[in-house]
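Worksheet for the structure shown next.
Bear in mind these aren't lab numbers, they're just calculated from the coordinates by the rules spelled out. Keep in mind that this is a model prediction, so the values were computed, not measured. Glycine also receives a Cβ, built like all others from the backbone with ideal geometry; neighbour counts cover every protein chain displayed.
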Amino acid sequence: MPNANYDFSTSANQAFGSNQKDVEPGVWAIYSGDINQDGAIDVFDYLLQDTDIIASVSGYLPFDLNGDGSVDAFDYFV
């Protein structure tokens, strides 16, 4: 069985599209929440998310903020 562990924290390019944030020197983390990509996580992001929550969509989507595969109310609390 292949190793299921992967260290995303060593550099920005460990994630697809270098989609990580430098949280301290030499430590990188995946971030989510800025759905409209305007540089701020605010009510405008959540307004976009409501449509998918009501429709109960699933998959790898920008509105799935906790990464569980479903867009639902749990994504509000990330």
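Less than 5 angstrom separates the built amide H of residue 70 from those of 59, all sequence-distant by 5 or more or on a different chain.
Give the calculated FRET efficiency between residue 36 and residue 5 to the nearest 0.05, with a Förster radius of 25 Å applied to their Cβ-Cβ distance.
On the way: r = 33 Å, r/R0 = 1.31.
E between residue 36 and residue 5, to the nearest 0.05, is 0.15.
Can you tell me the FRET efficiency between residue 24 and residue 68 if r is taken as the Cβ-Cβ distance and R0 is 35 Å, rounded to the nearest 0.05? It comes to 0.85.
Restricting the calculation to Cα atoms, the chain shows an Rg/Rh of 1.03 when the hydrodynamic-style radius is the Kirkwood one. The separation of region 59-78 from region 16-57, counted between C-alpha centres, amounts to 10 Å. Under a 5 Å amide H cut-off, with hydrogens placed 1.01 Å from N, residue 20 pairs with nothing among residues at least 5 apart or on other chains.
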